[in-house]
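Structure, as structure tokens:
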Amino acid sequence: MKQQFGACGRRRDRPGVKPARIRRNDRVGRWRHVSSEHQVVTSRTDDPALPFDFFNEIGIISQLSSTMFKKCLPSGVHVAHFAILNHMVRLGDGRTPHQLAAALQVTKATMTHSLGVLSARGFVRIVPHPTDGRSKRVYLTANGRAFREEAIAAVVNVFAHILHTEDLRTIDTVLPGLRSIRKLLDANRELAQAAASDSA
């Protein structure tokens, strides 16, 4: 509600209307103007550029954090290689190279090369498929699991020098929403590809 101000900036409330209260919304980190009649919240949900701005920020964050992470990895091991190990720990191993390539959205040739690097370092074990002679299955080794944990510990140590309490609160607040968006995109991969083809 628009306020009426008297002389010297002193607020003069309209007759019969309770004074508005200002309170902090800690979840989104914004100020909300709350009155007894209605609530006004600044929102960009009607802005068609909102999704682009959102994912653009995520892309920049991903690029910056990946560069930091890369510096924590030994020579010859890339963030993409770690992503394979991390995926297998999260969702289970024993998958085929084709399944891993589809999950991480890379070409089969790229996945074959990455698995070769991981296998040479003893991080994964590649065995023949029990029922399909044309395929193979990939399993994590104890060394692979240990390497993942060591890599995470190394990058956590780097972030500890950068992120302060307020930054961690921000991360804790937005993380559930990011997970929700990630699940939404993951469940709609084919739909997104079809939409992209239609707009091409």
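What follows is calculated from the coordinates using simple rules that are stated; it is not laboratory data. This structure is a prediction, so every number in the text was calculated from the model and none was measured. Don't worry about glycine lacking a Cβ; one is built from the backbone with ideal geometry, like all the others, and counts go over all protein chains shown.
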Fill in: Environment charge at Val138 (Cβ cut-off 9 Å; Lys +1, Arg +1, Asp -1, Glu -1)
+3
Discussion item. Taking every pair of distinct Cα atoms and averaging 1/r, then inverting, what Kirkwood hydrodynamic radius in Å comes out for segment 81-158?
Written reply: 12.8
Discussion item. Based only on other Cβ atoms within 10 Å, what is the fewest-to-most ordering of His81, His129?
Written reply: His129, His81
Item to complete: Would you mind counting up the charge near Ala151? Only other residues with Cβ under 15 Å from its Cβ, with Lys and Arg at +1 and Asp and Glu at -1.
Response: +4
Item to complete: For segment 45-200, report the translational diffusion coefficient in µm²/s to the nearest whole number, using Stokes-Einstein at 10 °C, 1.306 mPa s, and a Kirkwood Rh over Cα pairs.
Response: 88
Discussion item. Counting only other residues whose beta carbon sits under 14 Å from that of His87, what net charge do I get with K and R as +1, D and E as -1?
Written reply: +3
